[in-house]
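Everything on this sheet refers to the single structure shown next.
The values are calculated or read from the model by the stated rules, or taken from the named source; none is laboratory data. Just so we're clear, the structure is a prediction, and the values are computed from it rather than from any experiment. Ideal geometry is used to build each Cβ from the backbone, glycine not excepted, and the neighbour counts take in all protein chains shown. What goes into the accessible areas is simple: the full protein's heavy atoms, side chains included, and nothing from ligands, DNA or RNA. Shrake-Rupley method; radii C 1.70, N 1.55, O 1.52, S 1.80 Å.
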Protein chains: 2
Amino acid sequence: MKQYEHPPADAFDLTTILHALSDPYRLSIVQKLSVLQPQPCAPLQGDRPKSSVSHHFTVLRKAGLVRTVVVGVTHMNSLRDAELEARFPGLLTTILAAAAREAAQPAKS
Amino acid sequence: MKQYEHPPADAFDLTTILHALSDPYRLSIVQKLSVLQPQPCAPLQGDRPKSSVSHHFTVLRKAGLVRTVVVGVTHMNSLRDAELEARFPGLLTTILAAAAREAAQPAKS
DNA sequence: CTTATAGTTCGACTAATATCGAACTATTCA
DNA sequence: TGAATAGTTCGATATTAGTCGAACTATAAG
């Protein structure tokens, strides 16, 4: 039952977090996790190959956005929302709200 | 007195904004503008060559973060904070607060 | 008209990121 | 033990982004 490395909350870096969230696919993963948590990778996969999905989860993990716990054969992912809130109050919430807003009114042109 | 193209507020794209802010140099420009507005490019230049600075301002402009008005020989930059607030409430404010927090307690390791 | 100033544009180069197939690892279940 | 499942790792390739010198543009001032 090997587990993952996760950065401690006091090592969270703002630009790293913003970069992780600046990819539409990764942002969509975070959005989905915010609704249902924890979740394995598979249902969040979309149409991408597994190797790409794995790459994006690595980015999210290294940024401190997601915690992955290996339980049996599946890897359960959840947002590190409490820790993020402690380090950068309101950040994740506000970005998720913005994402929801954009879903309601997509950028024109 | 040629002026710049700026995207309208309803064309602001969240991931484009996050990407623009995920570069430390660009984030620092936005931070400085939030304190003193408007400002020409020169005082925000740091030690970079003009062509790099120009590139980063282009990214900020295209994302909708900065408005540049040509007045005489200088280009005055300001944040499009009201428009950003209208499209993505709290986003810029929260990110700037996070940046301030990180400045106070830099990421460890 | 000449010079200085402020910033852009171009082009070449480098570095970082994303994509994806194929082979691999760990765990569960029959 | 063998097969299935879930996801990782590797390696090659493609795309995107950042850096910077040099030439250029527009305005202002002498």
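Computed values, structure above
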read-out	value
The range A:3-58: projected area of the alpha-carbon convex hull, averaged over directions, in nm²	4.5 nm²
The range A:1-93: GluC sites (Glu not before Pro) falling in loop per DSSP and having at most 16 other Cβ within 10 Å	A:E5
Residue-by-residue Karplus 3J(HN,Hα) for the range A:30-45, coefficients 6.51, -1.76, 1.60, Hz, glycine and proline x	4, 4, 5, 5, 5, 8, 9, 9, x, 9, x, 5, 3, x, 9, 5
Cα→Cβ-extended label distance, 7 Å offset, between B:E85 and A:K32, nm	3.6 nm
The range A:100-109 - phi-based ³J(HN,Hα) in whole Hz, Karplus 6.51/-1.76/1.60, Gly and Pro as x	5, 5, 5, 4, 6, 10, x, 4, 7, 6
Kirkwood Rh (inverse of mean 1/r, distinct Cα pairs), the protein assembly as shown, angstrom	18.5 Å
Karplus-derived 3J(HN,Hα), 6.51/-1.76/1.60, for each residue of the range A:11-23, Hz, glycine and proline x	9, 4, 10, 4, 5, 5, 5, 5, 4, 4, 7, 7, 9
Sulfur and carbon atoms: percent of accessible area, the protein assembly as shown [1.4 Å]	58 percent
Net +/- balance of residues flanking B:S22 in space, Cβ distance below 11 Å, scoring K and R +1, D and E -1	-2
Highest-MSF residue in chain A out of A:I29, A:I17, A:I95 [GNM, Cα springs under 10 Å]	A:I95
P(r) histogram, all alpha-carbon pairs of the range A:27-67 included - 10 Å bins from 0, percent	28, 64, 8
Interchain or long-range residues, amide H under 5 Å from B:Y4's placed H	B:V70
Number of partner chain Cβ atoms within 10 Å, mean per residue of B:22-32	2
Residues along the range A:76-105 losing 30 Å² or more of accessible surface when the other protein chains are present rather than the chain by itself (probe 1.4 Å)	A:R87, A:F88, A:P89, A:L91, A:T94, A:I95, A:A98, A:R101, A:E102
Quotient of Cα Rg and 2.2 N^0.38 Å for the range A:13-100, N being how many residues it contains	1.02
Partner lysines for B:K2 [C-alpha distance under 21 Å; skip if fewer than 8 residues away on the same chain]	B:K50, B:K62
Surface accessible to a 1.4 Å probe, per residue, for the residues of the protein assembly as shown, Å²	51 Å²
Solvent-accessible area buried by pairing B with A, both sides, nearest 100 square angstrom, 1.4 angstrom probe	2300 Å²
Length released on extending from B:A11 to B:T74, taking residue separation times 0.36 nm less the Cα-Cα span	20.0 nm
Chain A - percent relative contact order, Cα under 8 Å, separation 6 or more	32 percent
